[in-house]
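Report on one structure; see the data block that follows.
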Protein chains: 2
Amino acid sequence: MSEPAGKETYIVGVDLGGTKILAGLFDSSLECIGTAKVSTKAQRGLDTVLSRIERCVRDAVDEADLSLKQVRGVGIGAPGAVDFSSGTVLFAPNMDGWKDVPLKKELEKRLELPVFVENDGNISVLGVHVVELKGKPRHVIGIFVGTGIGGGLIMSGELFSGFNHTAGEIGHMIIDVNGPKCGCGSRGCFEAVASRTAIFQRIKEGIKDGEKTLLTEMLGSDLEDLRSGDLRKAIRRGDKFVGKVIEQVAEYIGIGVANLVNVLGPEVVVLGGGVMEALADEMTAVILKTAKEHAMPGTLKNVDILVSKLGDSAGITGAAVLARREAKEK
Amino acid sequence: MSEPAGKETYIVGVDLGGTKILAGLFDSSLECIGTAKVSTKAQRGLDTVLSRIERCVRDAVDEADLSLKQVRGVGIGAPGAVDFSSGTVLFAPNMDGWKDVPLKKELEKRLELPVFVENDGNISVLGVHVVELKGKPRHVIGIFVGTGIGGGLIMSGELFSGFNHTAGEIGHMIIDVNGPKCGCGSRGCFEAVASRTAIFQRIKEGIKDGEKTLLTEMLGSDLEDLRSGDLRKAIRRGDKFVGKVIEQVAEYIGIGVANLVNVLGPEVVVLGGGVMEALADEMTAVILKTAKEHAMPGTLKNVDILVSKLGDSAGITGAAVLARREAKEK
């Protein structure tokens, strides 16, 4: 769909993660025509992260040979609890402990554009529902496995965020009450046993305990630059230790799926995020088998459990859906 | 509200549980004017249970000096997965393993009245929402602790049952993946650690392991007639072992509350069921404290977590709400 020159019909979607920031420039039919990516560097402080988001947005626009003046608005998915109306991130343990960060206000100042902030799980399930599933299923649960685990709920056809706009915090559903400590202070949260952070921790502990893995050959003994893709490479080269860790994590994800199916009775469960994108082939069969073992009879009849084809783009896509809906044309 | 003689304006609500059957006769303003109670005896087989439900309904009507001819319809809450449209209980582990029981059809034959079957958790939260909360809160989670743990969801003001009409199976949300075995086959389900069945099992195991408790004085060493009320009596007489078991169970209930708050973001969480009714004074403070420790920041702002005043009548009340809505006047 081409647009008359000069009209601000383009939108930018941003996925702010604990590890990296993605931005995508979308046209009004939600086709992505330029992307950019930078690492988050949350530990350097808020100003650094804000500058990096700004740079990432400008890079994505530049990538598509456009200028910010042709952009109508920016949507952004942030990890943690978000107050949508003020655009404040209330609490984000994976962002070096952000509390009450006025993300909308700060970014509107820097970009001179309307900015809309949502929880990253909500944003991602919105993107999958509108673009990948064409808005058809009525009840969808999105499970996004990355640095943490984000979730989002579509119920009765609409994004559901509950009374305090916090629904979908599935990463802090406790599934192993005596399990490993989570960033939130509890033990055995879904993301404490099945996120990238949890996987890396298990692998590092295993190495300390004398487990042999190809990862130390590939990356050195401190595994400083370890990424999800390295795990896939190691498994494909026959690394039994990494294979076992990923199998256990897939079982935990299957249990998380079953819990949410039992509680919510969805029509579609969508799995996404960086870990799923890198390791879908290694994990999907185990996730499905475990989910079926633990879901109550009748709950999974005609229910699809699928890995999103949007992969890591679910976040930027949903952020663009949000911005297209919220940003009025000038 | 008085009704002209001869009009079938009365309704019966039935709560079918793994341990007992309750029936209540209600007038059209949902006031309960007669009740009856019998034990379930599920282990004697389906015919026995059907006869006992029938007897319980007739007793409740008789109790109010009325006849079945003055009744418009019967609502019934059944434990487990229910197909509402056919009135079939698909699966009920706490009913001696019921599978595909055509409860509506069988009871309509016996009672010659329209019968409507719903999941017991759904029914109970409907009763609390309509009668106790006057239909006001938009998002309510009901947690009903009895022989098992049933749940029900009110979302955006309506009973929410999801794609396969199975939503609210919170009793099979796994919270302790290495915990005790559940009737469903999984380990560490919410009801495997916090139902009456779980409490009794812990107490019996404790006694085997040499724990001292007043319960054996009160009931004999096999605890054959143990009820939730006996636990309250023992605690009030200073029984430290029973006090400790109930405190641990209250912590598990608190974790269940936190999980559901994190996932669903409700406005009100209602606790009910026989165990809550008997032990509310002993458990409520611990449940609230534990829920607050594990719910994410912001999720509990202005959220009420309360014990239903309907107590054990939530089920029959909700069943009456359902029957009043569904049964057309003749």
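Quickly run through the range B:262-272 and pick out the residues that are facing chain A (nearest Cβ under 8 Å) and buried (at least 24 other Cβ atoms within 10 Å of the Cβ). Correct list: B:262, B:263, B:264, B:265, B:266. Filtering the range B:291-306 to residues that are at pLDDT 95 or above and surrounded by 18 or more Cβ atoms within 10 Å (Cβ to Cβ) leaves B:291, B:294, B:295, B:300, B:303, B:305.
You will find that of A:78, A:64, A:60, the residue that is small (Gly, Ala, Ser) and within 14 Å of another protein chain (Cβ to nearest Cβ) is A:78 and no other.
Just one of the numbered conditions (1) closer than 24 Å to residue B:307 by Cα; (2) among the charged types (D, E, K, R); (3) away from every other protein chain (no Cβ under 14 Å) is not true of residue B:208: (1). When you scan the range A:102-113, do you find a residue that is in contact with a Phe, Trp or Tyr (Cβ under 9 Å, 6 or more places away or on another chain) and within 13 Å of chain B (Cβ to nearest Cβ), even just one? Within the range A:102-113, none of the residues are in contact with a Phe, Trp or Tyr (Cβ under 9 Å, 6 or more places away or on another chain) and within 13 Å of chain B (Cβ to nearest Cβ).
Scanning the range A:205-249 for residues being at pLDDT 95 or above and within 20 Å of residue A:146 (Cβ to Cβ) gives a total of 13. Of all residues assigned to the range A:220-228, none qualifies as being under 20 Å from residue A:191 (Cα atoms), in a helix (DSSP H, G or I) and within 14 Å of another protein chain (Cβ to nearest Cβ). In the range B:238-249, the qualifying residues are those that are out of contact with any Gly (no Cβ under 8 Å at 6 or more places or on another chain) and away from chain A (no Cβ under 14 Å), and the one that is surrounded by the most Cβ atoms within 10 Å (Cβ to Cβ) is B:242. For the range A:1-29, the candidate set comprises residues that are at pLDDT below 95 and under 21 Å from the mean Cα position of the chain (by Cα); within that set, the residue that is farthest from residue A:148 (Cα to Cα) is A:20. Only one of the listed residues (B:316, B:255, B:235) is within 12 Å of another protein chain (Cβ to nearest Cβ) and not in a loop (DSSP other than H, G, I, E, B). That residue is B:255. For residue B:67, the conditions (1) open to solvent by 30 Å² or more (accessible area, probe 1.4 Å); (2) farther than 22 Å from residue B:327 by Cα; (3) touching a helix residue (DSSP H, G or I) at 6+ places or on another chain (Cβ under 7 Å) are fulfilled apart from (2).
Looking for something within 11 Å of another protein chain (Cβ to nearest Cβ), closer than 20 Å to residue A:150 by Cβ and under 19 Å from the mean Cα position of the chain (by Cα) - is there at least one such residue anywhere in the range A:275-285? Within the range A:275-285, not a single residue is within 11 Å of another protein chain (Cβ to nearest Cβ), closer than 20 Å to residue A:150 by Cβ and under 19 Å from the mean Cα position of the chain (by Cα).
If only residues of the range B:28-47 that are without any contact (Cβ under 8 Å) to a residue 60 or more places away in the chain and in a loop (DSSP other than H, G, I, E, B) are counted, the one that is most open to solvent (accessible area, probe 1.4 Å) is B:31. Taking the criterion of being under 15 Å from residue A:235 (Cα atoms) and open to solvent by less than 10 Å² (accessible area, probe 1.4 Å), the only residue of the range A:186-200 that qualifies is A:199.
Here residue A:53 passes the criteria (1) modelled with pLDDT of 95 or more; (2) surrounded by fewer than 23 Cβ atoms within 10 Å (Cβ to Cβ) except the one numbered (2). Only residues that are touching a residue at least 40 places away in the same chain (Cβ under 8 Å) and crowded, with 21+ Cβ neighbours inside 10 Å were counted in the range A:82-91, giving 1. The residues in the range B:258-303 that are touching a Ser or Thr at 6+ places or on another chain (Cβ under 6 Å), under 20 Å from residue B:199 (Cα atoms) and not in a helix (DSSP H, G or I) can be counted, and the count is 1. Can you find even one residue in the range B:201-224 that is surrounded by fewer than 22 Cβ atoms within 10 Å (Cβ to Cβ) and either in contact (Cβ under 8 Å) with a residue 60 or more places away in the chain or under 19 Å from the mean Cα position of the chain (by Cα) (or both)? No. If you go through the range B:181-192 and keep only what is hydrophobic (A, V, I, L, M, F, W, C) and either at the interface with chain A (Cβ under 8 Å from one of its Cβ atoms) or in contact with an Asp or Glu (Cβ under 6 Å, 6 or more places away or on another chain) (or both), you end up with just B:184. Please state which of the following conditions residue B:75 fails to meet, knowing it meets all the rest: (1) of a type outside the set (A, V, I, L, M); (2) surrounded by 15 or more Cβ atoms within 10 Å (Cβ to Cβ); (3) on the phi > 0 side of the Ramachandran plot; (4) in a strand (DSSP E or B). Only one criterion is unmet by residue B:75, namely (3).
In the set (1) more than 8 Å from chain B (Cβ to nearest Cβ); (2) in contact with a Ser or Thr (Cβ under 7 Å, 6 or more places away or on another chain), the condition left unmet by residue A:166 is number (1). Here residue A:172 meets the list (1) within 14 Å of another protein chain (Cβ to nearest Cβ); (2) out of contact with any strand residue (DSSP E or B) (no Cβ under 8 Å at 6 or more places or on another chain) almost entirely, failing just condition (2). For the residues B:320, B:280, the requirement of being buried (at least 24 other Cβ atoms within 10 Å of the Cβ), at pLDDT 95 or above and not basic (Lys, Arg) singles out B:320.
The values are calculated or read from the model by the stated rules, or taken from the named source; none is laboratory data. Please read these numbers as outputs of a predicted model, since none were measured by experiment. Ideal geometry is used to build each Cβ from the backbone, glycine not excepted, and the neighbour counts take in all protein chains shown. Areas reflect the complete protein model, heavy atoms only, side chains present, ligands, DNA and RNA absent. Shrake-Rupley method; radii C 1.70, N 1.55, O 1.52, S 1.80 Å.
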